[in-house]
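**Q** Dropping a structure here in structure tokens format, bear with me for questions.
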Amino acid sequence: METRIDFYNASPNAIKAMVALEVAIAKLGLAPGLLDLVKLRASQINGCAFCVDMHSTDLRKRGETDRRIAAVAAWRETPFFTPRERAALGWAEAITLVAQTHAPDADYEALAAEFTEAESVDLTVAIGVINTWNRLAIGFRKIPAA
């Protein structure tokens, strides 16, 4: 597989806007490790090899265990995640697959039980941004470094 477009160089202003969103999200107060779990799950769903590699690496750098990283793909069937993490992962799946799921009440109720309204919005914005990064990386074939 070959890279189609280096989107960082092709449209620096678009990427600056995306990076500015990432910087803003990082300042909203959600735990960085939680955000990386959500980013990893969305990237797994979307099949974004570059982002799966990046967020797995980021999680390891934060001290996350390989066991939990590997279990993100099957988080519902494991006891490894807190109720807050489970709510975030469920919401990440619901929003990433929104055309199919229409954000089910059960996923929203789990989210509302663990997150404030502001945190729920912040998390949803973060999910939207990782989905945009996934679409850029998949569409233009950004390849993880060997």
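**Q** Aspartates and glutamates near Lys27 by alpha-carbon distance under 15 Å, same-chain residues fewer than 8 away left out - which ones?
**A** Within the straight-line limit of under 15 Å, Lys27 reaches these aspartates and glutamates: Asp36, Glu119, Asp122.
**Q** Among Ser56, Ser43, what is the fewest-to-most ranking by other Cβ atoms within 10 Å?
**A** Ser56, Ser43
**Q** Next up: Lys/Arg Cβ at +1, Asp/Glu Cβ at -1, dipole of the chain taken about the Cα centre: which of Ile130, Ala74, Leu97 is farthest positive-ward?
**A** Of the listed residues, the answer is Ile130.
**Q** Another question, if that's okay. Sort His102, His55 so the one with the fewest other Cβ atoms within 10 Å of its own Cβ comes first.
**A** In order of increasing Cβ crowding within 10 Å: His102, His55.
**Q** Within the chain, which complete DSSP H helices have Cα atoms spanning at least 24 Å along the helix axis and a mean Kyte-Doolittle hydropathy of -0.5 or higher?
**A** Those that pass (Cα extent of 24 Å or more, hydropathy at least -0.5) are 117-139.
**Q** Can you tell me the length gained on complete extension of the stretch Leu28 to Arg76, counting 0.36 nm per residue apart and subtracting the Cα distance?
**A** Value of the extension gain: 14.6 nm.
**Q** So, one more: Let me know the charge dipole size of the chain about its Cα centre in debye, to the nearest 20, where only the beta-carbon of Lys, Arg (+1) and Asp, Glu (-1) is charged.
**A** 500
**Q** Of the peptides 116-127, 30-41, how do they stack up when ordered by the mean number of other Cβ atoms within 10 Å, highest first?
**A** Going by the mean number of other Cβ atoms within 10 Å, highest first, we get 30-41, 116-127.
**Q** Which of Val23, Val72 has the fewest other C-beta atoms within 10 Å, and how do the rest follow up to the most?
**A** Fewest to most other Cβ atoms nearby, the residues stand as Val23, Val72.
Each reported figure results from applying straightforward, stated rules to the coordinates on display, with no laboratory input. Model, not experiment: these values are computed from the prediction. Quick reminder, even Gly has a Cβ in these numbers, built from the backbone with ideal geometry, and neighbours come from all protein chains shown.
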